[in-house]
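Working notes, structure below.
The values are calculated or read from the model by the stated rules, or taken from the named source; none is laboratory data. What you see is a predicted model; the values in this text were computed from it and never measured. Note that each Cβ is placed from the backbone with ideal geometry, even for glycine, and that neighbours are counted across all protein chains shown. Surface accessibility is based on the protein's heavy atoms, side chains included, excluding ligands, DNA and RNA. Shrake-Rupley method; radii C 1.70, N 1.55, O 1.52, S 1.80 Å.
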Amino acid sequence: MEGMNVHAGQSKTASRAAASRPSSQASSSHTPATTQGTPSKRARSESEAADEDSDDAPPQELEEHYVTMRTDVVGIQHYAGLVGAGEFVVLRRQPNNPYDANAVQVINAAGTQVGHIPRAVAGRLAPLMDANLLTVEGRMIGQNVDRKMRYKLPIDISIFARASYRPHLAPELAWAMPAAGFAQAVRQRDHQQQGGTGVQSGTSGRAPAPVVDERMQQILDGFKKVNEDEKAADGVMAALTSDLDVTKLPLHPSPPSIASGDLHTDLLPHQSQALQWMVSHENPKLPSKIGDDAVQFWTRQKGSRGQSDYWLNVATKTPQDDTPVLGRGGIMADGMGLGKTLTTLSLVLATQKEKVGQDVCGATLIVCPLSVISNWEKQIQDHIVPGKVSSYTYHGAGKGVTSTTLSQYDTLASDWAGSFGNSKGKKTKKTTGPLMEVKWKRVVADEGHVMKNPKAKTFVSLQAERRWVLTGTPIVNAPNDLGSLLTCIQVCAPLDQPELFRRLVIRGLKNGSAEAGRLLQAIVGQALLRRTKDTKDKDGNKLIGLPPIEYYQCPIKLDADTRVFYNEVMAESARRFQDSLRSGESSVNILSMLTRMRQLCLSADMVPASYLDEIRGNAVTTKGPAVPINSLSDEERDKLIEKLRQAMADQEECSVCYDILDDPRITDCGHPFCFACITEVIRRQAQCPMDRHPISPGSLLELPPDVAEDDADKYLAPPVRSAKISELVHYLQAFDKDDKTLVFSQFTTFLDRVAAVLQEEGIQFCRFDGSMSAKKRQAVIAQFQTPVTEANRAGNPVVMLISLKSGAVGLNLTAASNVFLSAIEAQAVDRVHRMGQRKKVRVFQLIAEDTIEAKVLEIQKRKDALVAKAFEHSGTRETKAAKKQARFEELKEIFGLE
Ligand SMILES: Nc1ncnc2c1ncn2[C@@H]1O[C@H](COP(=O)(O)OP(=O)(O)OP(=O)(O)O)[C@@H](O)[C@H]1O
C-alpha cells in the first residue's frame, strides 16, 4: 500500500485537536459519471486504510497528481495558528460553517486553524471533496511566524485523484489550470510529491544537501528492497543508525548492580550504555538556546523585530509559541539476545525514585506475546534480588484484580489477549478494563514489531508518562513499520501521526527522495537505539562473545510409497493450479494443496489417503440442503471438530480472506473459515465457497472450549516413521547424550508424530506450542533449560518439540545447541544463539529431495522474499489484492509454470 500514491483529503495531522473526516459522501452535481466504477466509491485514503488491518484493505487504484495551484489562505487575522514557509498543512472541509457551507479550513501541523481557503476556490473544491473524488493537500508558501498582522498568506494546493477519473474530473478542475487564470505553482516535484523537509540527520535543519551520498543511497536502495526481502531490512537499519557512534554512548553513572544490592548480575557495558540512553530519553530537554541542536525536531527561533522567540519544528516547519511537549521514551531495538529485558528491568530499578506526575502510579506495564511472559518472570527471578522489584503477571480481568491493586506493583507483565481481550473478530480493540484505568509510569511493548492495528491502537490508548517499544526487528515488512512504532511511543510529535509520517517520509522514500531518507535517519537518531551481535565496542570487541553457528543442509529421500503419492499429488495440484489461472478462479484450493505437499514431505500419513480423490474432484460432496449442526451424529460432529482442530494446528488459511483462521468455524461440508468471513458469505449467497454446498448460520460448528492441558498428551499420533522422522531420530541418537535440541515445525501435527517416535525410542522430550497456558509454558522452559546431570538425567528432556509460530520469538532456550528447521528462520536460531550459549550451535535443515521443499530452497536462493511469503503465514502490510497477486506469482514459480 505504501507504494501507492494515495493521499488523504482529510489528513489526520490535526485530528488530535479537531474534527474528524466528514462522514457524508454527498453526491453533487459536479460528480462525473464513470465507466470504471462509481467515483463516489473512491479508493480509500491512506489514513482511512491505516485505521484498519491493512490486510483487509480493498484493492485500490492509485491516485495521481492532477494539478498544483497557488492561492491564499485567508482570514489569518481571526485564528491563532502559526505556519512556517514550507509547512505541510491540512485542508479540511467544514460543512457546518455558518457563513459558508463550502468552507475549507487550513490547519497547521500542530492541529491549530490558520485560516480558510478563499470562498471561490472552496466553492469549487468542496463538492468534489465531499464526494471523496479527490484528495487536496496544502503546503505553505508564506508564513506568519513573525506574528505581523496579515489577512492572507500564499499557499500551494495540490490535487490528487484516481487516474481513471481524469476524463471526468479534468473538466471539473479546468478552473484550477493555469490557463484559467490561476498561477501554476512552480512545480517542485521534490517538495510537493516527495514530502521534502529540509531536515538534516539529527540536527537543527540546515539546508538539504543536493547530492545523494553513498550511505543515503544505501538507505534508499534498501527501502526499495525491504518489501521484497526482509533481509534487506537489516542493512537498512544499519545504514539508518550509522550516524550514531555507539561506542561513544555514555555509561550509566550508577547502574543497578551486584554491588548496589539490586541485581545478581552486573550489566554488561552495552547494557549500561543502553540504560543511560533510556534514562535520558525518558527525560528529554528542549534546546535551551537559539542555535542548539533540535530535540525531537524542535528548535528555538528568534522572533523578528521585538517579537518574542518561538519554537520551530524543523521537520514539519511548524512554528509555535507554546512550549512543545516532548515525548518520553523510545524504541530499544538492540538485536536479539543482547539483553533488552535486563536493561529494561534496570531502567525500572534506576528510576524507582524518580517523581511521577499527578495521578500517575509508579508501575511499569509490560505488554508482550503470551509466549514471552514467562521470560520476564524468569529474568526477574534470575537477575533481580528478591524484594527489589514487586512484580505481577496479569492474565486478564474478571479475576477480581482492580486497577488500584495493579498500580501498586513495580512491574506488571501481561499478554495482549490478557490485557485487552482476545481478538475474536479482527477489529476488536478493548479500551476498557483495569489496565486502561491506570495512569502508568511507563508502558513497554515487548516484541513490539508484532504491533499492528488493532494492537498498536490499543497500546496507544494506554495512559502513560513514558512509552517504550522493545524489538530486535524494528523493520519487518516496510519502512512504515518505523512509523507505526513512532505512533506507539508518541515521540517526535507531530511526526508520530501516521498520516504525517506517510506524507513526509514514506512517500518521499518511495520516490527515492534523499531528503525523506535524511528525515527518517534523523527520526531514528532521535528515537531509536540499535546495536547487533556484530557491533564492536570501543576496543574492537563484539558486545557479547558468542560461539560460532554452523549450518547444515541434509537431503532426505522420500520412501518409495510416499514418492509415488507425492508425484501424483504434485501433478494434480499443478494441473489444478494451471486451470485456475486459466479460468481466473480463486487459488484457494491450490494453497491447501501446497500445504498438503509440504505435509507429504514431512510424513505421508499427515495427508488422508482419500486426498487424491478429493483434489481430482472424485470425492462425493453433498449438495443437499444446509445441515443444522445439531442434527449431526456425535461421530460426525467429532470428525468435523477434529478436522477443524487439524486446520488450526496446520495454520491453514481461511479460503475467503487468505489469512490464518481467526475465530474459526467449520461448515457441515467440512471446510474451515473465519467466523466473520463465512458469516459475510452466508449473508450474500449461502453457499460454501469451496464446494457450493448450501450453508446457513446453523450449519457452522466451532471448537469446543480448550482441551484440558493434561489431556494434551492424548493427541499423540501413532509412531509413524517417515523418511524425515527417521533421519531426525538418527541425528538425535548420534548427538552427545547431554546435547539438547530444538525441533521446530510449523505443523504441530508433525510434532505429534515426532513425539510418538521419540517416545518409542526412549528419547526424552518436551513440547512448546500455542495450546499451552502461560504457566505450562514457563514450566516447560524451566525444565528444558535445566542442564543434564547424572542426577537429573532420568526426567530431563533433551529435545524440545516447538511450534514455529509460538516459539520463534522472545524465548531463551540456550540449553539447546542443535536446531532443526524446515527453513532457516533467523528468529528461531536466535532462541539458541544468544547470551548464555556456551557451545557451538548447529542448525540442521532436513530437506526432502526433489520436492516442493527443495524447490522452495532453490527459489529462496534466487528470490528470498517470494519464498518467505509463500511459506510464512505471518501477516504483512500488503493489501489483500497485493497479497493475492504476490501469492499467485509465488505459486506459479513453485509449480514451475513460469
Ligand atoms: N548482563 C548479563 N549477564 C549475563 N546474562 C545476561 C545479561 N543480560 C542478559 N543476560 C541473559 O541473556 C539472555 C538474553 O537476554 P534477553 O532475553 O533480554 O535478550 P533480548 O535482547 O530481549 O532478546 P529478544 O529480542 O530475542 O527477546 C537471557 O538469558 C538473559 O538472562
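Quick check on the stretch 388-395. Is at least one of its residues more than 16 Å from the ligand (Cβ to nearest atom), in a helix (DSSP H, G or I) and more than 26 Å from Gln837 (Cβ to Cβ)?
No, because not a single residue in the stretch 388-395 is more than 16 Å from the ligand (Cβ to nearest atom), in a helix (DSSP H, G or I) and more than 26 Å from Gln837 (Cβ to Cβ).
I'd like the residue in the stretch 631-670 that is assigned to a loop (DSSP other than H, G, I, E, B) and over 19 Å from Met593 (Cα atoms) and, out of all such residues, is modelled with the highest pLDDT. Before you say what the answer is, go through the steps one by one.
Here is the first cut: in the stretch 631-670, the residues assigned to a loop (DSSP other than H, G, I, E, B) are 632-633, 650-652, 654-659, 661-663, 668-670.
Filter once more, keeping what is over 19 Å from Met593 (Cα atoms): 632-633, 662-663, 668.
Numbers: Leu632: 72, Ser633: 71, Asp662: 75, Asp663: 79, Asp668: 85.
That would be Asp668.
Of the residues that sit in the stretch 781-812 and are open to solvent by 40 Å² or more (accessible area, probe 1.4 Å) and hydroxyl-bearing (Ser, Thr, Tyr), which one is farthest from the ligand (Cβ to nearest atom)?
Applying the first criterion (open to solvent by 40 Å² or more (accessible area, probe 1.4 Å)) to the stretch 781-812 yields 782-783, 785-787, 789-795, 804-805.
With hydroxyl-bearing (Ser, Thr, Tyr) added as a condition, the list becomes 786, 789.
Working: Thr786: 14, Thr789: 20 Å.
Looking at residues that are open to solvent by 40 Å² or more (accessible area, probe 1.4 Å) and hydroxyl-bearing (Ser, Thr, Tyr), I get Thr789.
In the stretch 271-293, which residue that is within 19 Å of Ile331 (Cα to Cα) and assigned to a loop (DSSP other than H, G, I, E, B) is least open to solvent (accessible area, probe 1.4 Å)?
Residues of the stretch 271-293 that are within 19 Å of Ile331 (Cα to Cα), as a first pass: 271-285.
Next, from what is left, pick out any that are assigned to a loop (DSSP other than H, G, I, E, B): 283-285.
Values: Asn283: 53, Pro284: 36, Lys285: 146 Å².
It comes out as Pro284.
Arg147 fails exactly one of the following numbered conditions: (1) open to solvent by less than 40 Å² (accessible area, probe 1.4 Å); (2) closer than 27 Å to Leu495 by Cβ. What is the number of that condition?
Evaluating Arg147 over (1) open to solvent by less than 40 Å² (accessible area, probe 1.4 Å); (2) closer than 27 Å to Leu495 by Cβ leaves (1) as the failure.
Condition first: within 20 Å of Leu846 (Cβ to Cβ) and part of a helix (DSSP H, G or I). Now tell me which residues in the stretch 539-566 satisfy that.
Of all residues in the stretch 539-566, those within 20 Å of Leu846 (Cβ to Cβ) come to 549-563, 565-566.
Correct list: Ala560, Asp561, Thr562, Arg563, Phe565, Tyr566.
Name the single residue, out of those in the stretch 370-413 being open to solvent by 20 Å² or more (accessible area, probe 1.4 Å) and of a type in the set (Phe, Trp, Tyr), that is nearest to Gly807 (Cα to Cα).
Only one residue fits best here, namely Tyr392.
Taking into account only those residues within the stretch 68-93 that are part of a loop (DSSP other than H, G, I, E, B) and without any contact (Cβ under 8 Å) to a residue 60 or more places away in the chain, which is farthest from Tyr310 (Cα to Cα)? Talk me through it step by step, then tell me what you get.
Of all residues in the stretch 68-93, those part of a loop (DSSP other than H, G, I, E, B) come to 75, 79-87.
After this cut, where a residue has to be without any contact (Cβ under 8 Å) to a residue 60 or more places away in the chain as well, the list is 79-81.
Details: Tyr79: 17, Ala80: 14, Gly81: 13 Å.
Within the stretch 68-93, the match that is farthest from Tyr310 (Cα to Cα) is Tyr79.
Considering Val348, Val356, Val367, which residue is touching a residue at least 24 places away in the same chain (Cβ under 8 Å), open to solvent by 30 Å² or more (accessible area, probe 1.4 Å) and away from the ligand (no atom under 13 Å from the Cβ)? Write out each step before concluding.
On the way: Val348 fails: open to solvent by 30 Å² or more (accessible area, probe 1.4 Å); Val367 fails: open to solvent by 30 Å² or more (accessible area, probe 1.4 Å).
Exactly one of Val348, Val356, Val367 is touching a residue at least 24 places away in the same chain (Cβ under 8 Å), open to solvent by 30 Å² or more (accessible area, probe 1.4 Å) and away from the ligand (no atom under 13 Å from the Cβ), namely Val356.
Within the stretch 294-308, restricting attention to residues that are under 30 Å from Leu338 (Cβ atoms) and either without any contact (Cβ under 8 Å) to a residue 12 or more places away in the chain or not in a strand (DSSP E or B) (or both), which residue is farthest from the chain's Cα centre (by Cα)?
Taking the stretch 294-308 and keeping what is under 30 Å from Leu338 (Cβ atoms), we get 294-297.
Imposing the further condition that a residue be either without any contact (Cβ under 8 Å) to a residue 12 or more places away in the chain or not in a strand (DSSP E or B) (or both) reduces the set to 294, 296-297.
On the way: Ala294: 29, Gln296: 24, Phe297: 25 Å.
Among residues in the stretch 294-308 that are under 30 Å from Leu338 (Cβ atoms) and either without any contact (Cβ under 8 Å) to a residue 12 or more places away in the chain or not in a strand (DSSP E or B) (or both), the one farthest from the chain's Cα centre (by Cα) is Ala294.
Name the pairs: first residue in the stretch 251-279 and of a type in the set (Asp, Glu), second residue within 12 Å of the ligand (Cβ to nearest atom), Cβ to Cβ under 9 Å, at least 6 apart or on different chains?
Hits for this filter: Asp262/Pro255; Asp262/Pro256; Asp262/Ser346; Asp262/Ile384; Asp266/Pro255; Asp266/Ser257; Asp266/Ile258; Asp266/Ser272.
Anything in the stretch 473-523 that is under 13 Å from the mean Cα position of the chain (by Cα) and assigned to a loop (DSSP other than H, G, I, E, B)? List them, or say none.
As a first pass, look at the stretch 473-523 and keep what is under 13 Å from the mean Cα position of the chain (by Cα): 473-488.
If the condition is that a residue be under 13 Å from the mean Cα position of the chain (by Cα) and assigned to a loop (DSSP other than H, G, I, E, B), then Thr473, Pro474, Ile475, Val476, Asn477, Ala478, Pro479 are the ones that fit.
Just to be sure before I move on: is Gln778 open to solvent by 30 Å² or more (accessible area, probe 1.4 Å) and of a type outside the set (Phe, Trp, Tyr) in the structure I sent? Reasoning before the result, please.
Numbers: open to solvent by 30 Å² or more (accessible area, probe 1.4 Å): yes; of a type outside the set (Phe, Trp, Tyr): yes.
For Gln778, the condition - open to solvent by 30 Å² or more (accessible area, probe 1.4 Å) and of a type outside the set (Phe, Trp, Tyr) - is met.
Have a look at Ala815, Ala828 and point out the one that is within 14 Å of the ligand (Cβ to nearest atom), open to solvent by 20 Å² or more (accessible area, probe 1.4 Å), hydrophobic (A, V, I, L, M, F, W, C) and in contact (Cβ under 8 Å) with a residue 12 or more places away in the chain.
Values: Ala828 fails: open to solvent by 20 Å² or more (accessible area, probe 1.4 Å).
Going through Ala815, Ala828 in turn, the sole match is Ala815.
If a residue has to be away from the ligand (no atom under 15 Å from the Cβ), in contact with a strand residue (DSSP E or B) (Cβ under 6 Å, 6 or more places away or on another chain) and open to solvent by 20 Å² or more (accessible area, probe 1.4 Å) to count, how many in the stretch 831-846 make the cut? First the steps, then the outcome.
Filtering the stretch 831-846 for residues away from the ligand (no atom under 15 Å from the Cβ) gives 840, 842-846.
Going one step further and asking which of them are in contact with a strand residue (DSSP E or B) (Cβ under 6 Å, 6 or more places away or on another chain), we end up with 842-846.
Then keep just the ones that are open to solvent by 20 Å² or more (accessible area, probe 1.4 Å); that gives 842.
So the count comes out to 1.
Which residue out of Ala101, Ala126 is outside any strand (DSSP E or B) and open to solvent by 30 Å² or more (accessible area, probe 1.4 Å)? So that I can check it myself, show each step before the final result.
Details: Ala126 fails: open to solvent by 30 Å² or more (accessible area, probe 1.4 Å).
Exactly one residue qualifies, and that residue is Ala101.
Just wondering, is there one or more residues in the stretch 507-514 that are under 30 Å from Trp440 (Cβ atoms), away from the ligand (no atom under 16 Å from the Cβ), touching a residue at least 60 places away in the same chain (Cβ under 8 Å) and open to solvent by less than 40 Å² (accessible area, probe 1.4 Å)? Break it down stepwise before answering.
First, the residues of the stretch 507-514 that are under 30 Å from Trp440 (Cβ atoms): none.
Among the residues of the stretch 507-514, not one is under 30 Å from Trp440 (Cβ atoms), away from the ligand (no atom under 16 Å from the Cβ), touching a residue at least 60 places away in the same chain (Cβ under 8 Å) and open to solvent by less than 40 Å² (accessible area, probe 1.4 Å), which makes the answer no.
Go through (1) open to solvent by 20 Å² or more (accessible area, probe 1.4 Å); (2) under 30 Å from Thr393 (Cα atoms); (3) touching a residue at least 40 places away in the same chain (Cβ under 8 Å) one by one and return the number of the condition Arg753 breaks.
Just one mismatch for Arg753, condition (2).
Would you point out the residue of the stretch 429-472, among those that are assigned to a helix (DSSP H, G or I) and within 16 Å of the ligand (Cβ to nearest atom), that is modelled with the lowest pLDDT? Working first, answer last.
As a first pass, look at the stretch 429-472 and keep what is assigned to a helix (DSSP H, G or I): 434-437, 448-450, 455-461.
Restricting the remaining residues to those that are within 16 Å of the ligand (Cβ to nearest atom) gives 448-450.
Numbers: Gly448: 75, His449: 69, Val450: 62.
Checked the stretch 429-472; the qualifying residue modelled with the lowest pLDDT is Val450.
Where residues in the stretch 672-695 are modelled with pLDDT of 85 or more and open to solvent by 40 Å² or more (accessible area, probe 1.4 Å), which of them is nearest to Glu653 (Cα to Cα)?
Applying the filter and picking the extreme gives Phe675.
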